[in-house]
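Notes for the one structure printed next.
The values are calculated or read from the model by the stated rules, or taken from the named source; none is laboratory data. Just so you know, these numbers come straight off a predicted model, no measurement behind them. Methodologically, a virtual Cβ is constructed for each residue, glycine included, from the backbone with ideal geometry; neighbour enumeration extends over all protein chains shown. The accessibility values were calculated without ligands, DNA or RNA, using every heavy atom of the protein model including side chains. Shrake-Rupley method; radii C 1.70, N 1.55, O 1.52, S 1.80 Å.
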Amino acid sequence: MDSVAPPPPVPLGSRLAVPVDVERVEARITFDVAAQVAAVEATVEFVVQGYDGCPALDLRQPVDSFLLDGQKFPGEAFSPEDLGGGPGSEMRVIDDPLAAWSRHRLELRYQLATPAAEGSAPLGWVAGAGVRWDFWMSDLHPGRYLEMWLPANLCEDRFQLKLEVAVEGGGPHVLISNGTEYQAGPNEWWVDYPAAFTSLSPMLVLRPEEEIEQRRIPGLVTAKVAESDADLEANEADIKAWLACNESRYGRWVHGDHFTCVLWGPGRGMEYDGATTAAVGAVEHEVFHSWFGRGVKPARASDGWIDEAWTSWATNSRRRELGRFAVEELSLEEPPVVLYPPNPWSRHTPIESYREGSRLFAGVAHLLGGAPQMRTAMAAWYQEHAGGFVTTEGLELHLRERNAGVSALFRRYVHGQGE
Ligand SMILES: [Zn+2]
């Protein structure tokens, strides 16, 4: 699937909140080390999708005022509204009805604060020296993709992103990303991210130079921040082995010419397109996500359970419960589980996806006749969609071709339906 239908419009009193297609985001962020202030100028070009109404997109930063097509609006005219996705999944709705299929330009200026999303981290100012900043995304809580820092759409929307970053008044910094970086001057960069990226794709790490070490070999950039005591060279060898194994087992790599891994202290693990920021123990899991999760991407946030469940089943994942490649009959007697939140504005991956989701794959593997059959089925599914989007429904159809019993398991342990 190469494009994903937007979620439906939602009535809000007399207004109608409508989805948009974000085409391009351009932003400049200037970190003033002496003042410990990060000023953002961002522009968004978008097209209203399908209905006349008030456009919905997101940004988890305070906005005092903004310009829409050059006209000034107060910040309240860009307020969070629950469109049915539940607590934390609010979208910001621009309080100005626009015509279906019309194209617009939103200009925002603000100072970066700790994003208004569960588990987000503040900017790490280092007095006199600079700033520690990284996107630090998460699937587990709504609003934890690019919208934490910059205006963005739901994760099914592809858009161009150009980001300029400048650090003023600090020592030398290093910027690492999974885009194409250009050094515009000392402590000044711009990064072009591929147009196929969505809000869950881009990775960026900015650190004072003395707090990060990196190695570059063909096909692989590895780095570690000061909190990590990892052996960079040993990790490089492990990552090369996992990349080669995943490619031969599941199919082609779709993220350009290299993988980027920034090693972190304990507790960290997040996947990006062809990249990760992770503690050593999570790296195998995160490398795997460059096939499942970011090589094929969830068509909606609600499809995100697939990649956590499957990655937990298939790697030596710290979140797995059964052994990897488990094969175990799953009866229809256990309590139902919701891994796919049904509302199209829902924006999180249920935490049960790791444990209950990998048990589900163990059960499917049992139906399919074993772990090799399970891997072969998923490799075929990956190859069919590599570089594109995947859905829960599509996965169920793919697997039920091999054993019709899959559908009963999906009904109960993905959609949470009892008898
Ligand atoms: Zn994961």
Scanning region 346-363 for residues that are farther than 23 Å from Glu286 by Cβ and touching a Lys or Arg at 6+ places or on another chain (Cβ under 9 Å) gives Ser346
Out of the residues in region 280-308 meeting the condition of being among the β-branched types (Val, Ile, Thr) and open to solvent by less than 10 Å² (accessible area, probe 1.4 Å), tell me which one is farthest from the ligand (Cβ to nearest atom). Val296
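When you check Thr277 against the structure, is it open to solvent by less than 30 Å² (accessible area, probe 1.4 Å), more than 16 Å from the ligand (Cβ to nearest atom) and β-branched (Val, Ile, Thr), yes or no? Break it down into steps so the answer makes sense when it comes.
Working: open to solvent by less than 30 Å² (accessible area, probe 1.4 Å): yes; more than 16 Å from the ligand (Cβ to nearest atom): no; β-branched (Val, Ile, Thr): yes.
Answer is no for this residue.
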Of the residues that make up region 60-76, is at least one within 19 Å of the chain's Cα centre (by Cα), closer than 30 Å to Tyr182 by Cβ and open to solvent by 30 Å² or more (accessible area, probe 1.4 Å)? no
Being open to solvent by 60 Å² or more (accessible area, probe 1.4 Å) and touching a helix residue (DSSP H, G or I) at 6+ places or on another chain (Cβ under 7 Å) is the filter here, so list the residues in region 160-193 that pass it. Pro172
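Please return the ranges of strands (runs of 3 or more DSSP E) entirely within region 102-171 where 3 or more residues are among the hydrophobic types (A, V, I, L, M, F, W, C). Steps first, answer last, please.
On the way: elements: 103-111, 124-126, 130-134, 160-168.
In region 102-171, 160-168 are the strands (runs of 3 or more DSSP E) which contain 3 or more residues that are among the hydrophobic types (A, V, I, L, M, F, W, C).
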